[in-house]
Every structure is written in C-alpha cells, then in structure tokens.
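Some notes on the structure that comes next.
The values are calculated or read from the model by the stated rules, or taken from the named source; none is laboratory data. Predicted model, so just to flag it, every value in this text is computed and none were measured. Here the Cβ positions follow ideal geometry from the backbone for every residue, glycine too, while neighbour counts run over all protein chains shown.
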Amino acid sequence: MRIVSINTIFICLFFVSCEVKSDPKAELLFKIGTEYLTDNASKSALFEFRKALNLETSESLQATIFRNMSIAFQNLEISDSASFYSQKGYEIAPSNSYIFYINRAEYNLLNNNIHNAIQDLKSAKALDPNQMEVYHTLCLIYSGEYGDAYFEPKLSEFCAKRSVKLKSSNETKEQLGSIFFQNEKYVEAVKIFTELYSKEPSNKRYEFFLGQSLYFAGDERGGENHMKKAAERDAECKTMYHEIFEIGQHLE
C-alpha cells in the first residue's frame, strides 16, 4: 500500500563557490539574502539578492543568486519567475559545473521535464557527491512527487537517508520519516517523528505525523488522539485528518 498523505516540501539552499572577482559586499548581501530565505522571508531575500546583483559578481555567484531567487519565487508561488531565474542561472553558470546542472535540473522540474531533470541531478551528483540538495530532490522525484512514472520506493529511501547523513536537520529527518511512512515502515517512522515532536511539541505537523505513524503501526487509539489534537489546531492537519478518516466526524 502506498500512502502519500505526508509530503515534505522543502527546497534546500546550498553552497556557493565565490571567485576572487566577486565584490565582498555582494557576497555579504548574498549571505544575508540566504538567511532571509532560510527563515521563509522570501520578499526580503529577493531584495538583498537584487542588491547583490548590482555589484561585481562572479559567474558562479550570479548563478547561485539566480538559483536562490528561483527558490524564493517558488515559495511565493510565482512559477513563471521561478522558471525564469532557474534558466538565467544555468545560462550564466560555467558550463558543466555543479551550479549549471542544479539550475538546469530545477528549470526542468518546473517545466515538467522530469527525465532531463534526473539526468542533470545525476551529473551534479557526479561533480559533487556531498551536496544534500541533490539527494533531497531525487528523493522527491522517486517518492512520486512528480508523477507515478518515477516512483521508486527503494531509491527514495536511499536518497532520504543520504540527505540525513549529509545534513542532519529537522527538514531532512522529516523527509526520511515521510519516506519510511510511505514505504510502510511505520515503526521507523514513529521513531523519527517521536524525536521531532519531542524537540518541537508545538509543531502540529510533527504531532500529526507522529499520530499517523502510530495509527498505522498498530496504536490506533494513541495515533488518532495525536492526529485529532493536531487537526483541531491546524488547518493543514485537519485536511489530512479528513483524508484519512474520509469525514471529519471525529472532530464534531
């Protein structure tokens, strides 16, 4: 059985290799913009990135700024701009470089060219096998996020585990927990979401995912209790609760 009610929507920010030609002020503005983006302040991030582009920047730095601008526009759900900046990113990047392939992969994903995106991600991974974002994105593809034709449970789990190994964070662990759940490894999913929920007990998504994992692992009473509590306080959790139980009678 394939369960898809848990989706990890997380786009990783990545390294930048700044050449000597870049103005130090541009590098600083890039870092400030990246911090804003990490905090989900996408409009503030775009403001800083645009200021950085007005200064002298290397091709690698420009390509990386365009990549992160694409992420910001994705966060703002402005897909045309996101695609535009991914394209600018790979067009200006040094040919056959990591940043070239990662920008082109994102452009292909945004334009539903999934096969080409996979090839670009593999090329990026060959150049730098220690970049978490490559495995994160491949995990999304192999988990079926971009269509059942690319659904590969074993590969999605491998990529999720690799992401956690390269960068152990709440986001990468959430993705791994989601993949464990999707692959019907409910006990493993319970362990992941127990850890995340214990760290952030106010996070209703973590509470819901813990409850969902417990429910399918056999603890139906405890699992439903967690899911119900989360659903009563969070609209997204309420929607997922309805998807599992078909109607919201337990919330009446």
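Observations on the structure shown:
- Single condition LEU166 does not satisfy, out of (1) under 17 Å from the mean Cα position of the chain (by Cα); (2) in the same structural domain as LEU214 (by TED's automatic domain parsing): (2)
- Where a residue in segment 226-252 is farther than 15 Å from LEU210 by Cα and in the same structural domain as TYR206 (by TED's automatic domain parsing) and its partner, wherever it lies, is outside any helix (DSSP H, G or I) and at pLDDT 85 or above, with Cβ under 7 Å and at least six apart: none
- Failed item, numbered, when GLU171 is tested on (1) surrounded by fewer than 21 Cβ atoms within 10 Å (Cβ to Cβ); (2) touching a residue at least 40 places away in the same chain (Cβ under 8 Å); (3) assigned by TED's automatic domain parsing to the domain that holds ARG233: (3)
- Checked against (1) more than 28 Å from LYS165 (Cα to Cα); (2) within 15 Å of the chain's Cα centre (by Cα); (3) modelled with pLDDT of 95 or more; (4) not polar (S, T, N, Q), GLU77 meets all criteria but (3).
- From the list GLY223, GLY144, GLY211, GLY177, the lone residue that is closer than 30 Å to ARG104 by Cα, buried (at least 20 other Cβ atoms within 10 Å of the Cβ) and either at pLDDT below 95 or not assigned by TED's automatic domain parsing to the domain that holds THR64 (or both) is GLY177.
- If you go through segment 230-252 and pick out every residue that is modelled with pLDDT of 90 or more and surrounded by fewer than 10 Cβ atoms within 10 Å (Cβ to Cβ), you end up with 1.
- Count - residues of segment 199-221 that are of a type in the set (S, T, N, Q) and assigned to a helix (DSSP H, G or I): 2
- Of the residues making up segment 160-208, those that are among the aliphatic types (A, V, I, L, M) and touching a Lys or Arg at 6+ places or on another chain (Cβ under 8 Å) are VAL164, LEU176, ILE192, LEU196.
- Residue that is nearest to ILE114 (Cα to Cα) [pool: residues in segment 147-168 that are crowded, with 23+ Cβ neighbours inside 10 Å and either in contact with a Gly (Cβ under 9 Å, 6 or more places away or on another chain) or not polar (S, T, N, Q) (or both)]: SER156
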